1. Here is a list: Ser134, Ser140, Ser161, Ser154. Which entry is modelled with pLDDT under 95 and among the hydroxyl-bearing types (Ser, Thr, Tyr)?
2. With respect to the numbered conditions (1) over 17 Å from Gly103 (Cα atoms); (2) touching a Phe, Trp or Tyr at 6+ places or on another chain (Cβ under 6 Å), which one is the sole condition not fulfilled by Ala55?
3. Going through region 79-126 one residue at a time, which ones are of a type in the set (Phe, Trp, Tyr) and not in a helix (DSSP H, G or I)?
4. From Gln43, Gln36, grab the single residue that is among the polar types (S, T, N, Q), assigned to a helix (DSSP H, G or I) and either closer than 26 Å to Ser116 by Cβ or touching a residue at least 60 places away in the same chain (Cβ under 8 Å) (or both).
5. Test of understanding: among Ala80, Ala108, which residue is under 15 Å from Ile247 (Cα atoms) and small (Gly, Ala, Ser)?
6. Which helices (runs of 4 or more DSSP H) does region 182-286 wholly contain that include 1 or more residues that are without any contact (Cβ under 8 Å) to a residue 60 or more places away in the chain and aliphatic (A, V, I, L, M)?
7. Would you confirm whether any residue within region 81-95 is under 21 Å from Ala248 (Cβ atoms), among the aliphatic types (A, V, I, L, M) and within 15 Å of the chain's Cα centre (by Cα)?
8. Give all pairs with beta carbons closer than 6 Å in which a residue from region 48-73 that is on the phi > 0 side of the Ramachandran plot meets a residue that is part of a loop (DSSP other than H, G, I, E, B) and basic (Lys, Arg); count only pairs at least 6 apart in sequence or on separate chains.
Amino acid sequence: MFLNMPSLSRRALKPYAAEFLGTALLIVIGDGVVAQCLLSDYQYGTWLSINIAWAAAVAISGYLSNPSPAINPAVTICTALVRPTPGQWKKLPGTLFAQFLGGFVGAALVYTNYRSAIQAWDPEYTIPGGSILSPQGHHSAGIFSTYPAATLMSNWEAAFSEFLGSAVLMFGSLSIADPANAVRFHSTQLSMFLLLAAIGAALGWQTGYAINPARDFGPRLFSAIIYGREVFTAANYYFVVPIFAPIAGCLVGATVYDSVLYEGDGSHIKDALDKVGDRDGLLRLD
C-alpha cells in the first residue's frame, strides 16, 4: 500500500531518477577519463580526450528524460529563479539531493574501477595542495574533484574562472534551448556537446572547469572517505569555490541572455524589462 502512494509512483520519481542517473553518468565518464589520463601518465588520454569525454557525458545525459535533466545544481537554481515552472520550487530540494547523490555514487564507481591503479600510481593518496607529499609529484585526489592550478595567485582568480565558465555555459544553453533557434539547432545534444567542449578547451585548465556544484562536491564528499577531510581544507578551503561561483555565473549568464536576446515567455527578467518603457522605446515605470 505504501509503495502505491502517488508520491512514490514511477512517473513521480522519474525526474529525480533522471537527475541522479544523469549526474552519476557524468561522473563515471568525466572522472573516469581523468583517471585514465592521470594513472597512465597520459599514455591513454590527453587534455583533448578529457574535454571530449566530459562534453559527451553531458550530451548523452540529455537523452535520459524529456525534458532533459539539468544534472547541475547551478543550472537548476538559476532556472528556478529566472524562468520558474509550476511546482519547480517544491521539487527543488529533491532535485538537488538527486544531483549531489549521483555525483557521490559516480565517484564511488570510478574509485572501485581504478582502485588498484590509484594505489600503484599514488600509494601515498595525496591531495593537490595537501600536507602529504608524493615523491613522484602525483596527486590522485584530483581525479575526483577540482583543485586550482598552482599558477593562480588566489582563490578569487579561480572563482572568476569558474564564474566565467558557468556564465558561458548558461548563456550558451539558453541560446540552444531558445525556441527561436529551433530551426538552426536541429540537434540540441550535439549543440551542448560543442558548447561543453569549447568551454573546456578555452577555459578549463586553471580550475578543471567544474562549472557544476554536484560535479565537484558529490565526488569530493566521497573522496573524503579515501583521502580524509583535508580534501575540504586544501588550497585554503578551495572547495567552496566550485559550489558558489557556478551559481553566480549561471545567474549572470541567464540575466544577460534574457535581458538582451530572449523573446519568449516565462522569464522574470524579460517580464520585468517589458514593464519598463513604451512602444517608442522610452523608459518609464508603470
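The values are calculated or read from the model by the stated rules, or taken from the named source; none is laboratory data. Small disclaimer: the values here were computed from a predicted structure and weren't measured. Ideal geometry is used to build each Cβ from the backbone, glycine not excepted, and the neighbour counts take in all protein chains shown.
1. Criteria check complete, one pass: Ser134.
2. The number of the failed condition is (1).
3. Passing the criteria: only Tyr125.
4. When all the criteria are applied, what remains is Gln36.
5. Result: Ala80 is the single residue among Ala80, Ala108 that is under 15 Å from Ile247 (Cα atoms) and small (Gly, Ala, Ser).
6. Result: 188-203, 213-227, 241-260, 268-274.
7. Checked against the condition, which is being under 21 Å from Ala248 (Cβ atoms), among the aliphatic types (A, V, I, L, M) and within 15 Å of the chain's Cα centre (by Cα), region 81-95 yields no hits at all.
8. From residues that are on the phi > 0 side of the Ramachandran plot, there are no pairs.
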